[in-house]
Amino acid sequence: MRRITTLIIIALTVLCSRALVSGQEIIFEDRFEGALQPGWVWQRDNSACRRFVNNALEILTEPLFSGEARNALVRPLNFWRMQTGAAPETYRIETECYFLEKPTSQFQQCGVYWIQGNRVLFKLVFANDDGEMYVFPGKKPVKAPGGKLRITVTGRNIIAEFCPLNDKNFQRVYEGVINSSPYDRISLQCWGGQGASTNQTGAASWARFKYFRVEKVDD
């Protein structure tokens, strides 16, 4: 019995060590387990059109466009700099989001939005275009109505990637430079685009966010 216990302890120690070696340092994480972590702010608040379900946040897409989306969940992008006076050289923003069913409205989308002042500076989203699903930027076709999105930032350089649902491999869709500022914000949001209705409450209108994470990336 002691031998079995010892073997279990050794196995767990090895697994934990591997996780520490291969994993990245998490700066912030919210898994939407019935409530929001501190630091989020709702813009254009519409509480009747959002809900926590099965450890996820669901938001109803409404017939509005970029800069008008209701229930836009926003937080400072460089919040760690405000807390510590420094920022990691490279960090990664990641979320998993998808529509409960394939969207039916033109340009209906959900994802990550980089906000500067009152405008969207950059976005990485899953969107419906003429009845087909794509990742933007890059207009990469996808079969599922969502998946994982991540943006890796080094200084002003960014790399945008996505991973389809039920997959583990990320695919690069964009690499470039972003003219960021210390006051920029990051947002999770969705909006309905052309043809959406305020009375539209079917599954295709609900976007689900499973988690949001910012992590330091080691060289």
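The values are calculated or read from the model by the stated rules, or taken from the named source; none is laboratory data. Keep in mind that what you see is a predicted model, and the values were worked out from it rather than measured. With ideal geometry, Cβ positions are generated from the backbone for all residues, glycine too; neighbour counts draw on all protein chains shown.
In table form, for the structure just shown:
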{"read-out": "Scope the range 139-154; condition in contact (Cβ under 8 Å) with a residue 60 or more places away in the chain and either part of a loop (DSSP other than H, G, I, E, B) or surrounded by 19 or more Cβ atoms within 10 Å (Cβ to Cβ) (or both); matching residues", "value": "146, 152, 153"}
{"read-out": "Test: residue in the range 39-54 that is modelled with pLDDT of 95 or more, more than 15 Å from the chain's Cα centre (by Cα) and closer than 23 Å to residue 116 by Cβ", "value": "yes"}
{"read-out": "Criterion (touching a residue at least 12 places away in the same chain (Cβ under 8 Å), touching a Lys or Arg at 6+ places or on another chain (Cβ under 9 Å) and of a type in the set (Phe, Trp, Tyr)) met by exactly one of 136, 126, 122", "value": "136"}
{"read-out": "Any chance residue 174 is among the hydroxyl-bearing types (Ser, Thr, Tyr), at pLDDT 90 or above and in contact with a Ser or Thr (Cβ under 9 Å, 6 or more places away or on another chain)", "value": "no"}
{"read-out": "Which numbered condition residue 159 misses (of (1) assigned to a strand (DSSP E or B); (2) aliphatic (A, V, I, L, M); (3) at pLDDT below 95)", "value": "(3)"}
{"read-out": "Residues of the range 155-191 that turn out to be among the charged types (D, E, K, R) and surrounded by fewer than 15 Cβ atoms within 10 Å (Cβ to Cβ), as a count", "value": "5"}
{"read-out": "Among (1) within 17 Å of residue 61 (Cβ to Cβ); (2) touching a residue at least 12 places away in the same chain (Cβ under 8 Å) - the single one residue 166 does not satisfy", "value": "(1)"}
{"read-out": "First in the range 41-60 and touching a residue at least 12 places away in the same chain (Cβ under 8 Å), second anywhere and surrounded by fewer than 14 Cβ atoms within 10 Å (Cβ to Cβ) and of a type in the set (Gly, Ala, Ser), Cβ under 6 Å, 6 or more apart", "value": "52/34"}
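Residue-by-condition table, conditions (1) at pLDDT 90 or above; (2) touching a strand residue (DSSP E or B) at 6+ places or on another chain (Cβ under 7 Å); (3) not in a strand (DSSP E or B):
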{"residue": "5", "(1), (2), (3)": "no, no, yes"}
{"residue": "13", "(1), (2), (3)": "no, no, yes"}
{"residue": "17", "(1), (2), (3)": "no, no, yes"}
{"residue": "21", "(1), (2), (3)": "no, no, yes"}
{"residue": "37", "(1), (2), (3)": "yes, yes, yes"}
{"residue": "75", "(1), (2), (3)": "yes, yes, no"}
